[in-house]
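Student: Let me begin by handing over the structure; questions about it come next.
The values are calculated or read from the model by the stated rules, or taken from the named source; none is laboratory data. On a predicted model such as this, the values are computed, not experimentally measured, just so you know. Virtual Cβ from ideal backbone geometry, glycine too; neighbours counted across all protein chains shown. Protein only, heavy atoms only, side chains kept; ligands, DNA and RNA dropped before computing areas. Shrake-Rupley method; radii C 1.70, N 1.55, O 1.52, S 1.80 Å.
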Amino acid sequence: MIDDSGTIEEFLARHASDVEECVRTAATREIMPRWRRLAEHEVDLKTGPHDLVTDADRKAELYLTDALTALLPGSVVVGEEAVHADPASYEALRGDAPVWIVDPVDGTRQFVHGDTGFCTLVALARRGVLYASWTHAPARGQLATAVRGQGARLDGDRLTAGSPEPGRDLRVATSHPDYTTEEQKRALLGLWTDGVAPRACGSAGLEYLAVARGESDATAFSWEAAWDHAAGLLLVEEAGGTHLTRAGRPFGIRGGNTLPFTAARDAATARRVVELLSAGV
């Protein structure tokens, strides 16, 4: 239990590898056996045609909820599927207990279509501060981790975001239009300009990993759901990148952000993207 006798840092020093094992086991038991083998009755719509949920999402989240709270007594879980069932459970992010933020299958649409572009996202936070994250892309055999103040790694190798190459168009992954308001659409249109190469995003977790690896220069996202962003934001930070909302402040996982926002390889790129988003409005 995290209390006066122990800290999250001490917990991670002892149990980070145990969390990694939980994430890998969720994929092995509940996700990969269903990949490319889903029956029609195992796939449902939530809010629309691009918002899908499968038995893999539900069962992987249940497994992670049990396993992670057993590792850290007194912790709670904010998971995508549990919040869909009970929106009030999202408020745990505002409490004092350590919170596991879980997206069991980020990129469910890709998962359903048999693509490899999906991942499991887990982050550990308390009082709005992110302490560690795990991004597991089982179909690609990748696991990225980040611990606050200790850097980011992909399959054990240190990640460094670096900076965009001078003179090359900025590669920016942007929100799907279905998940934007009219004002946000106008903001995102600011990226359609010389020197920027925007494209529609895939799995948010894998887009953050691409920024942390220096394969993509920035994101421009228009929604706040913590399970999509928490793991990736810390991964980018620990790889040397940064994140900013359109108000010029870091993104807060508890909400209240001015959207869209960006995560970028370096501070100059983040400022440039925010300037373009603000110009679009």
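Student: Among residues belonging to the stretch 227-239 that are of a type outside the set (Phe, Trp, Tyr) and touching a Gly at 6+ places or on another chain (Cβ under 8 Å), point out the one that is surrounded by the fewest Cβ atoms within 10 Å (Cβ to Cβ).
Tutor: Looking only at the stretch 227-239, we keep the residues that are of a type outside the set (Phe, Trp, Tyr), and these are 228-239.
Those still in the list that are touching a Gly at 6+ places or on another chain (Cβ under 8 Å) too: 228, 231-232, 238-239.
Details: ASP228: 22, ALA231: 33, GLY232: 31, GLU238: 25, ALA239: 25.
Step by step, filter the stretch 227-239, then rank; the result is ASP228.
Student: Could you grab the pairs with beta carbons closer than 6 Å, sequence gap of 6+ or different chains, first residue in the stretch 65-81 and farther than 17 Å from SER17 by Cα and assigned to a helix (DSSP H, G or I), second one of a type outside the set (Val, Ile, Thr) and at pLDDT 95 or above?
Tutor: From residues that are farther than 17 Å from SER17 by Cα and assigned to a helix (DSSP H, G or I), the pairs are GLU80/ASP103; GLU80/TRP227; GLU81/GLU61.
Student: Give the stretch 161-187 a look and list any residue that's touching a Gly at 6+ places or on another chain (Cβ under 8 Å), open to solvent by 80 Å² or more (accessible area, probe 1.4 Å) and either over 11 Å from SER222 (Cα atoms) or aromatic (Phe, Trp, Tyr) (or both), or say none. If you could, list the steps in order and put the result at the bottom.
Tutor: Quick first cut of the stretch 161-187, residues touching a Gly at 6+ places or on another chain (Cβ under 8 Å) only: 161-162, 169-170, 173, 178, 186-187.
Then keep just the ones that are open to solvent by 80 Å² or more (accessible area, probe 1.4 Å); that gives 178, 186.
Residue satisfying the conditions is ARG186 alone.
Student: Shifting gears a bit: Is it the case that some residue within the stretch 245-256 is within 21 Å of ALA137 (Cβ to Cβ), open to solvent by less than 10 Å² (accessible area, probe 1.4 Å) and either of a type outside the set (Val, Ile, Thr) or more than 14 Å from the chain's Cα centre (by Cα) (or both)?
Tutor: Of all residues in the stretch 245-256, those within 21 Å of ALA137 (Cβ to Cβ) come to none.
The answer is no; no qualifying residue exists.
Student: Return yes or no: is LEU62 more than 24 Å from SER216 (Cβ to Cβ) and either part of a strand (DSSP E or B) or touching a residue at least 60 places away in the same chain (Cβ under 8 Å) (or both)? Before you say what the answer is, go through the steps one by one.
Tutor: Values: more than 24 Å from SER216 (Cβ to Cβ): yes; either part of a strand (DSSP E or B) or touching a residue at least 60 places away in the same chain (Cβ under 8 Å) (or both): no.
Here the answer is no, as LEU62 does not meet what is asked.
Student: Name the pairs: first residue in the stretch 189-206 and at positive phi, second residue modelled with pLDDT of 95 or more and among the acidic types (Asp, Glu), Cβ to Cβ under 9 Å, at least 6 apart or on different chains?
Tutor: GLY195/ASP169
Student: Another question, if that's okay. Among the residues of the stretch 137-162, what is the count of those that are in a strand (DSSP E or B), over 15 Å from the mean Cα position of the chain (by Cα) and among the β-branched types (Val, Ile, Thr)?
Tutor: 0
Student: Give me the pairs: first residue in the stretch 172-185 and assigned to a helix (DSSP H, G or I), second residue buried (at least 16 other Cβ atoms within 10 Å of the Cβ) and among the small types (Gly, Ala, Ser), beta-carbon distance under 6 Å, and six or more apart or on different chains, which are they?
Tutor: GLN184/SER222
Student: Which numbered condition in (1) under 19 Å from SER216 (Cβ atoms); (2) touching a residue at least 12 places away in the same chain (Cβ under 8 Å) is the only one that ARG158 fails?
Tutor: Tallying (1) under 19 Å from SER216 (Cβ atoms); (2) touching a residue at least 12 places away in the same chain (Cβ under 8 Å), ARG158 fails exactly one: (2).
Student: Does the stretch 99-112 include one or more residues that are touching a residue at least 60 places away in the same chain (Cβ under 8 Å), buried (at least 24 other Cβ atoms within 10 Å of the Cβ) and of a type in the set (D, E, K, R)?
Tutor: yes
Student: What residue, of LEU277, LEU259, LEU244, is touching an Asp or Glu at 6+ places or on another chain (Cβ under 9 Å) and farther than 16 Å from ALA144 by Cβ? So that I can check it myself, show each step before the final result.
Tutor: Working: LEU277 fails: touching an Asp or Glu at 6+ places or on another chain (Cβ under 9 Å); LEU244 fails: touching an Asp or Glu at 6+ places or on another chain (Cβ under 9 Å).
Answer to the selection: LEU259.
Student: For the stretch 8-23, which residues satisfy the criterion of being under 13 Å from VAL122 (Cβ atoms) and open to solvent by less than 20 Å² (accessible area, probe 1.4 Å)?
Tutor: Selection gives LEU12, VAL19, CYS22, VAL23.
Student: Which residues, counting only those in the stretch 87-120, are among the charged types (D, E, K, R), out of contact with any Cys (no Cβ under 9 Å at 6 or more places or on another chain) and not in a loop (DSSP other than H, G, I, E, B)?
Tutor: Just the residues of the stretch 87-120 that are among the charged types (D, E, K, R), to begin with: 91, 94, 96, 103, 106, 109, 115.
Add one more test, that the residue is out of contact with any Cys (no Cβ under 9 Å at 6 or more places or on another chain), and what stays is 91, 94, 96, 109, 115.
Within the stretch 87-120, GLU91, ARG94, ARG109 meet the criteria.
Student: Let me spell it out: the conditions are (1) under 17 Å from CYS119 (Cα atoms); (2) assigned to a loop (DSSP other than H, G, I, E, B), and GLU224 meets all of them except one. Which number is the exception?
Tutor: (1)
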